[in-house]
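K.L.:
Sharing a structure here in structure tokens format.
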């Protein structure tokens, strides 16, 4: 996984709450057996609407999504994260993420930056005034920045320490866990014999 | 200080705990299916890794399989490739698979409990958010993404931050005709879709204790719909009676040892939850959704709400968008909403008890002429059991379609989909935009409401049905 230190990119405002995983990518798009190509299903129902934010030319290069609360609710499909990444997004900013979506983002290298609801509103206002403006998300300092001068926005975002460290280092969880082999084997040796087995 | 049930089960599975790290948790059972596993197996191959414990892993085909012509090759080539990829991966890595056509095939969350693999005190994961279903047995069970599926395959563990705990205490008794589904839909409207976030929830109280295992599974299944990490219920005699004698349940002395341990899996009296919600079951009524998330619900006797009636602006905006998508007007009585398709099935309500209840209500009636009723058993075993009991005949005589086992119209990944604008009453778990097919409009309902709605063609409860008049044998005068 690539290291994530900081990212500056065009930010697209997605002014909806409860953007669930079926809206991020409907089930009919989940049939691929690869991790790529899912951008065709991203926000599939909305993409056919010319007025949808991502269809506007100023957001053609968007790589930061600024969304309403409860982003990523619903299914456990990591395809939702891949679809955002395949499309070109590096960061999603929201005031609340569903747990599984946030976990999947951390594993796949998409930064889910949780900010106060007021920060989302300020970013939306800023993007309304300056369509196509960029937002900087700095993982080292955990800050979100946009604009300059007296109206500049600078605020902190939340991410758990462990996920932050892994993203900064670009580390693979499985490699870390496999280094605990002795502890896993010791645990297994003490499991009750009546626990079920499938084979 | 005492511990909660969730804390006890969690503590029993900690392989390693250290400051600044999530706990490393051992996984007792890993369930897999065709949609969220191919990239995980690919990852193993790329890194030259193996499946650590194939004997704690079980695969079935459910999300993407047809419920018609299941004995023929899958028509859609992309779906077929996905299913064939699971078969190849299971063979290569030595994982037990119940494929389409197998007697144990079905929805992964129906198959685990019915085999007796789902047991109290276990940790169970699957690349599917409705894994919370298995919590009905007093297990910690939750959905994971594909990267985590790969992690469990390679290590039989997961890194997990310890969640907070919440109690949902449901006092009193559910009135007749009000089901576990109504209970959980009422709860979600009360909490909103994010209310459970960060918590493992323990459902308890008289109404929960009085539920069958099927009803408990319905409640735990929808834990994710209000954002909870997992939902569980303390195991009791109902749990043990359900499990005893099932193929993978412990036998003989092992059974006794297991039950002795399972009896200890209750929340201690002096344990503290981080949060508690108390509900009264005796005031609950049949409950249905009007919007596009499971927290947008009202009693069946109510009406479509006016968006202006919500206090929070974001709820008002969400309600306006939902009504527009659903094609509904504020103030319309729910009972006047006409439904095109009724779907009975899914990991929420696709078990034998659900089909029995639906058949009991529909028996002697006909499905409304403008409505179709799709009955999709949760597993092949459920289908066979239903056929043994003649339930299929009742459904077919009423005019319903009797299908093969799978997830089907719950998520509209296979050909069972709504068309744009088509309205469903569905016993499944999600009413998201496009969930059951692009442009489809979903009302989440209980089994009794689904069955009555199929007969009347509008959202209804069994109380709205005319009584079935049994043909009377008249003695002919000679």
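K.L.:
Please count how many residues of the stretch B:208-250 are within 17 Å of residue B:140 (Cβ to Cβ) and assigned to a loop (DSSP other than H, G, I, E, B).
P.N.:
Residues meeting the conditions: 5.
K.L.:
Now, a different point. Of all residues in the stretch A:2-16, count the ones that are outside any strand (DSSP E or B) and either in contact (Cβ under 8 Å) with a residue 60 or more places away in the chain or more than 10 Å from every other protein chain (Cβ to nearest Cβ) (or both).
P.N.:
Of the residues in that region, 5 qualify.
K.L.:
Against the conditions (1) touching a strand residue (DSSP E or B) at 6+ places or on another chain (Cβ under 6 Å); (2) more than 14 Å from every other protein chain (Cβ to nearest Cβ), where does residue A:19 fall short? Just the number, please.
P.N.:
(2)
K.L.:
Kindly provide the set of residues from the stretch B:8-22 that are surrounded by 17 or more Cβ atoms within 10 Å (Cβ to Cβ) and within 19 Å of residue A:192 (Cα to Cα), ordered by number.
P.N.:
B:8, B:9, B:10, B:12, B:13, B:15, B:16
K.L.:
What strands (runs of 3 or more DSSP E), lying completely within the stretch B:251-362, carry at least 3 residues that are surrounded by fewer than 21 Cβ atoms within 10 Å (Cβ to Cβ)?
P.N.:
B:275-280
A quick yes/no check of all residues on (1) without any contact (Cβ under 8 Å) to a residue 12 or more places away in the chain; (2) more than 20 Å from the chain's Cα centre (by Cα); (3) within 11 Å of chain A (Cβ to nearest Cβ); (4) in a strand (DSSP E or B):
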position: B:39; (1), (2), (3), (4): no, yes, yes, no
position: B:44; (1), (2), (3), (4): no, yes, yes, no
position: B:49; (1), (2), (3), (4): no, yes, yes, no
position: B:52; (1), (2), (3), (4): no, yes, yes, no
position: B:65; (1), (2), (3), (4): no, no, no, no
position: B:88; (1), (2), (3), (4): yes, yes, yes, no
position: B:91; (1), (2), (3), (4): yes, yes, no, no
position: B:109; (1), (2), (3), (4): no, no, no, no
position: B:118; (1), (2), (3), (4): no, no, yes, no
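K.L.:
Moving to a separate point now. When you go through (1) more than 14 Å from chain A (Cβ to nearest Cβ); (2) surrounded by fewer than 24 Cβ atoms within 10 Å (Cβ to Cβ) one by one for residue B:136, which number turns out not to apply?
P.N.:
Condition (2) is where residue B:136 drops out.
K.L.:
Could you list, in sequence order, the residues of the stretch B:418-451 that are without any contact (Cβ under 8 Å) to a residue 24 or more places away in the chain and touching a helix residue (DSSP H, G or I) at 6+ places or on another chain (Cβ under 7 Å)?
P.N.:
B:434, B:438
K.L.:
In the stretch B:160-188, what count of residues is obtained for those that are more than 14 Å from chain A (Cβ to nearest Cβ) and either assigned to a helix (DSSP H, G or I) or within 25 Å of residue B:350 (Cα to Cα) (or both)?
P.N.:
Of the residues in the stretch B:160-188, 17 are more than 14 Å from chain A (Cβ to nearest Cβ) and either assigned to a helix (DSSP H, G or I) or within 25 Å of residue B:350 (Cα to Cα) (or both).
K.L.:
Name the one entry in B:119, B:156 that is touching a helix residue (DSSP H, G or I) at 6+ places or on another chain (Cβ under 7 Å), modelled with pLDDT of 95 or more and more than 25 Å from residue A:98 (Cα to Cα).
P.N.:
Only one candidate qualifies: B:119.
Conditions (1) within 13 Å of chain A (Cβ to nearest Cβ); (2) surrounded by fewer than 20 Cβ atoms within 10 Å (Cβ to Cβ); (3) farther than 30 Å from residue B:78 by Cβ, marked per residue:
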{"residue": "B:386", "(1), (2), (3)": "no, no, yes"}
{"residue": "B:391", "(1), (2), (3)": "no, no, yes"}
{"residue": "B:395", "(1), (2), (3)": "no, no, yes"}
{"residue": "B:399", "(1), (2), (3)": "no, yes, yes"}
{"residue": "B:403", "(1), (2), (3)": "no, no, no"}
{"residue": "B:410", "(1), (2), (3)": "yes, no, no"}
{"residue": "B:418", "(1), (2), (3)": "yes, no, no"}
{"residue": "B:428", "(1), (2), (3)": "yes, no, no"}
{"residue": "B:432", "(1), (2), (3)": "yes, no, no"}
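K.L.:
When you look at residue A:129, is it out of contact with any strand residue (DSSP E or B) (no Cβ under 6 Å at 6 or more places or on another chain) and either at pLDDT 95 or above or away from chain B (no Cβ under 14 Å) (or both), yes or no?
P.N.:
Yes: the conditions hold for residue A:129.
K.L.:
Tell me, which residue of the stretch A:30-42 that is part of a helix (DSSP H, G or I) and surrounded by fewer than 20 Cβ atoms within 10 Å (Cβ to Cβ) is nearest to the other protein chains (Cβ to nearest Cβ)?
P.N.:
Taking the candidates together, the pick is A:40.
K.L.:
Name the single residue, out of those in the stretch A:167-190 being at pLDDT below 95 and in a loop (DSSP other than H, G, I, E, B), that is farthest from the chain's Cα centre (by Cα).
P.N.:
A:179
K.L.:
Still on this structure, please answer the following. For the stretch B:189-207, give me the residue count where each residue is buried (at least 24 other Cβ atoms within 10 Å of the Cβ) and either more than 13 Å from chain A (Cβ to nearest Cβ) or part of a helix (DSSP H, G or I) (or both).
P.N.:
Of the residues in the stretch B:189-207, 3 are buried (at least 24 other Cβ atoms within 10 Å of the Cβ) and either more than 13 Å from chain A (Cβ to nearest Cβ) or part of a helix (DSSP H, G or I) (or both).
K.L.:
Which ones in the stretch A:53-77 are in contact with a strand residue (DSSP E or B) (Cβ under 7 Å, 6 or more places away or on another chain) and away from chain B (no Cβ under 14 Å)?
P.N.:
A:53, A:54, A:59, A:61, A:62, A:63, A:64, A:65, A:66
K.L.:
For the stretch B:67-86, how many residues are assigned to a loop (DSSP other than H, G, I, E, B) and within 10 Å of chain A (Cβ to nearest Cβ)?
P.N.:
Summing the residues that are assigned to a loop (DSSP other than H, G, I, E, B) and within 10 Å of chain A (Cβ to nearest Cβ) in the stretch B:67-86 gives 1.
K.L.:
For residue B:212, only one of the following conditions fails: (1) surrounded by fewer than 18 Cβ atoms within 10 Å (Cβ to Cβ); (2) touching a residue at least 12 places away in the same chain (Cβ under 8 Å); (3) more than 27 Å from residue B:325 (Cα to Cα); (4) more than 18 Å from the chain's Cα centre (by Cα). What is its number?
P.N.:
With respect to (1) surrounded by fewer than 18 Cβ atoms within 10 Å (Cβ to Cβ); (2) touching a residue at least 12 places away in the same chain (Cβ under 8 Å); (3) more than 27 Å from residue B:325 (Cα to Cα); (4) more than 18 Å from the chain's Cα centre (by Cα), residue B:212 is out only on (4).
K.L.:
Being in contact with a strand residue (DSSP E or B) (Cβ under 7 Å, 6 or more places away or on another chain) and either modelled with pLDDT under 95 or over 20 Å from residue B:346 (Cβ atoms) (or both) is the filter here; which residues of the stretch B:447-472 pass it?
P.N.:
B:457, B:458
K.L.:
If residue B:393 passes every condition in (1) without any contact (Cβ under 8 Å) to a residue 60 or more places away in the chain; (2) closer than 30 Å to residue B:35 by Cα; (3) part of a helix (DSSP H, G or I); (4) out of contact with any helix residue (DSSP H, G or I) (no Cβ under 7 Å at 6 or more places or on another chain) but one, which one does it miss?
P.N.:
Status for residue B:393: all satisfied but (2).
A quick yes/no check of all residues on (1) in contact with a helix residue (DSSP H, G or I) (Cβ under 6 Å, 6 or more places away or on another chain); (2) closer than 30 Å to residue B:247 by Cβ; (3) free of Cβ contacts under 8 Å to residues at least 40 places away in the same chain:
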| position | (1), (2), (3) |
| --- | --- |
| A:115 | no, no, no |
| A:126 | no, no, yes |
| A:130 | no, no, yes |
| A:148 | no, no, yes |
| A:172 | no, no, no |
| A:177 | yes, no, yes |
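K.L.:
Given the residues B:228, B:257, which is the only one that is within 13 Å of chain A (Cβ to nearest Cβ) and over 30 Å from residue B:314 (Cα atoms)?
P.N.:
It is B:257.
The values are calculated or read from the model by the stated rules, or taken from the named source; none is laboratory data. Remember, predicted model here, so these are calculated numbers, not experimental data. For neighbour counting, all protein chains shown are included, and Cβ atoms are generated from backbone atoms with ideal geometry for every residue, glycine included.
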